[in-house]
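Some notes on the structure that comes next.
Every number here is computed from the coordinates shown, using simple stated rules; none is lab data. Bear in mind that the values here come from a model prediction, so they are computed numbers and not experimental data. Virtual Cβ from ideal backbone geometry, glycine too; neighbours counted across all protein chains shown.
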Amino acid sequence: MLLKIKKNKDFLKIYSTGKLYHSKAAFLYALKTDTDSNTRIGISSSKKIKNAVTRNLLRRRTFEILRKLEFKPGFDLVFLIKKRAEIISFYELGKEIINAAESACVLKDKT
């Protein structure tokens with residue numbers, strides 16, 4: 001089960017102290033927490049994506065991709081969706097998000 005990050009102060013803390021990873025379609029800010037609690041996920045989209053409907057669509061797609069992944073416990077993650085995500089397919093967006101998560105080493109091992 002994924003817990004969502006909803007408070008602005010939590011987003012700001014992760015932006016300022018978390019480590020940045022990036023792919024062609026998204027930035028990932030990862031912050032290791034002190035506890036081994038569930039991983040919390042926040043999704044934001046760039047204001048460069050002018051249409052609010054498109055921004056919300058990309059956030060929903062991103063959450064659906066993340067819902068199917070298994071994360072290591074004890075992380076706070078914020079995915080910032082780039083403008084490039086508008087023009088790529090759902091499949092390509094999924095690959096880009098998975099690449100960013102793998103580079104941050106936040107996914108559980110498949111063994």
Would you check which residues across the stretch 3-26 are farther than 17 Å from Leu58 by Cβ and either among the acidic types (Asp, Glu) or loosely packed, with under 14 Cβ neighbours inside 10 Å (or both) and list them?
Leu3, Lys6, Lys7, Asn8, Lys9, Asp10, Leu12, Ser16, Thr17, Lys19, Leu20
Given the criteria surrounded by fewer than 18 Cβ atoms within 10 Å (Cβ to Cβ) and either closer than 18 Å to Ile97 by Cβ or touching an Asp or Glu at 6+ places or on another chain (Cβ under 7 Å) (or both), does Thr62 qualify?
no
Yes/no for Ile88 being part of a strand (DSSP E or B) and either among the small types (Gly, Ala, Ser) or touching a residue at least 12 places away in the same chain (Cβ under 8 Å) (or both):
no
Of the residues Ser37, Ser45, Ser89, which single one is buried (at least 17 other Cβ atoms within 10 Å of the Cβ) and polar (S, T, N, Q)?
Ser45
For a quick check of your reading: which strands (runs of 3 or more DSSP E) sit entirely within the stretch 1-48 and have at least 3 residues that are over 13 Å from Ala101 (Cα atoms)?
40-45
Per the filter on the stretch 61-88, residues of a type in the set (Gly, Ala, Ser) and within 20 Å of Lys7 (Cα to Cα) are Gly74
